[in-house]
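The values are calculated or read from the model by the stated rules, or taken from the named source; none is laboratory data. Computed from a prediction, not measured in an experiment: that's the story for all the values here. Neighbour counts are summed over all protein chains in view; Cβ atoms, including those assigned to glycine, are modelled from backbone coordinates with ideal geometry. Ligands, DNA and RNA are excluded from the accessible area calculation, which covers all protein heavy atoms including side chains. Shrake-Rupley method; radii C 1.70, N 1.55, O 1.52, S 1.80 Å.
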Amino acid sequence: MKRTKTKSIGVHILLILCILVISLPVILALIISTQNEAQVMSYPPGLIPGTNMINNYVTAWNSVNLGRMIFNSTVIAFGVIIGKVTMSILAAFAFTHFDFKGKNVLFGIILITLLLPVPVRIVALFDVIRTMHLMDTYAGLIIPFWASATSIFILIQRFKVVPSELIDASKMDGCHPMQYFFKILLPLTRSTIGALVVINFIYIWNQYLWPLMATNSKEMRVVQIGIKMLMSTESSNNWGVIMAGVIITMIPPLLVFIIMQESFMKGFALQSEK
């Protein structure tokens, strides 16, 4: 009994140490965001909160119009999620529940796109968006991310584990395919869909290269470019202001994760909804 308790305490200490190591960059960013330049540059580094917190956050918010950038990133993230998840669900439904000519070839082509690195596609994508006059627009930042082989593949694997008896039962009840899709399949897989929403929100929120290429005006810049702009403004070398900006931009994805946490965990565990 005593040995089991000692082992449990050791495991908890190890887990706490792992959590501290993983979260150390965020903890340091939080501390630095409250310090002035002198406190940040002091040696040895101060590991207690400073006295310049409000000034740092106000400066970070106003110096690069961070509010506008958070609005842009939020619009783009939700625009991408709505289009990408909708297209991925419909594509996965077609691949798993219908037989049509060239089905395997099409699925193979989709999987091949997983092997293409982003730098290979981005030049051609830039040319397409410029030709369609979508530069510096929300459409130009949203539409290129709608097609996702990864999301389709994950949903196909999820749809395949739905019991086939449910399809037979729905047919006996007179349901046509889209009634089965909306009334049975979607409710059963909403955890996986929720997990995709969280993953894609964070992925789009952290985009830097494509928004940098596809936008020209300050009004269309996103938060990741804002962080880079903070380092180039009058706050250069003022890491208190820069870290304050970083902390502000972390809040929206953190809120999305907290709200969708249950779906996110169930989605990765491939658990069925009861």
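Annotations
- Just one residue in the set Ile242, Ile258 is surrounded by 13 or more Cβ atoms within 10 Å (Cβ to Cβ) and hydrophobic (A, V, I, L, M, F, W, C); that residue is Ile242.
- Helices (runs of 4 or more DSSP H) within segment 90-201 that include 3 or more residues open to solvent by less than 60 Å² (accessible area, probe 1.4 Å): 103-112, 118-131, 138-142, 149-160, 164-172
- In segment 202-274, counting only helices (runs of 4 or more DSSP H) that sit wholly within it, the ones holding 2 or more residues that are modelled with pLDDT of 85 or more and among the aromatic types (Phe, Trp, Tyr) span 239-259.
- Applying the set (1) in contact (Cβ under 8 Å) with a residue 24 or more places away in the chain; (2) hydroxyl-bearing (Ser, Thr, Tyr); (3) over 15 Å from Tyr203 (Cβ atoms) to Thr131 leaves exactly one unmet item: (1).
- Test: residue in segment 61-80 that is modelled with pLDDT of 90 or more, under 25 Å from Gly226 (Cβ atoms), in contact with a Gly (Cβ under 6 Å, 6 or more places away or on another chain) and surrounded by 15 or more Cβ atoms within 10 Å (Cβ to Cβ): yes
- Positions within segment 15-52 being among the polar types (S, T, N, Q) and within 18 Å of Ile242 (Cβ to Cβ), in sequence order: Ser33, Thr34, Gln35, Asn36, Gln39, Ser42, Thr51, Asn52
- Contacts under 6 angstrom Cβ, first residue in segment 203-229 being more than 17 Å from Gly79 (Cβ to Cβ), partner assigned to a loop (DSSP other than H, G, I, E, B), 6 or more apart: Asn216/Asp136; Ser217/Asp136; Gly226/Val64; Met229/Val64
- Checked against the criterion of being of a type outside the set (Gly, Ala, Ser) and within 26 Å of Ile152 (Cα to Cα), segment 63-74 has at least one qualifying residue.
- Looking only at segment 202-214, and only at residues there that are open to solvent by less than 60 Å² (accessible area, probe 1.4 Å) and within 8 Å of the chain's Cα centre (by Cα), the one that is farthest from Leu125 (Cα to Cα): Trp205
- Residues located in segment 43-64, provided they are touching a residue at least 40 places away in the same chain (Cβ under 8 Å) and in a loop (DSSP other than H, G, I, E, B): Gly50, Asn52, Val64
- Ser170 vs. criteria free of Cβ contacts under 8 Å to residues at least 40 places away in the same chain and in contact with a Phe, Trp or Tyr (Cβ under 7 Å, 6 or more places away or on another chain): yes
- Residues that are out of contact with any helix residue (DSSP H, G or I) (no Cβ under 6 Å at 6 or more places or on another chain), closer than 28 Å to Leu209 by Cα and of a type in the set (Gly, Ala, Ser), drawn from segment 67-107: Gly67, Gly83
- Extreme residue, least open to solvent (accessible area, probe 1.4 Å), among residues of segment 215-239 that are of a type outside the set (A, V, I, L, M, F, W, C) and more than 30 Å from Gly50 (Cα to Cα): Thr215
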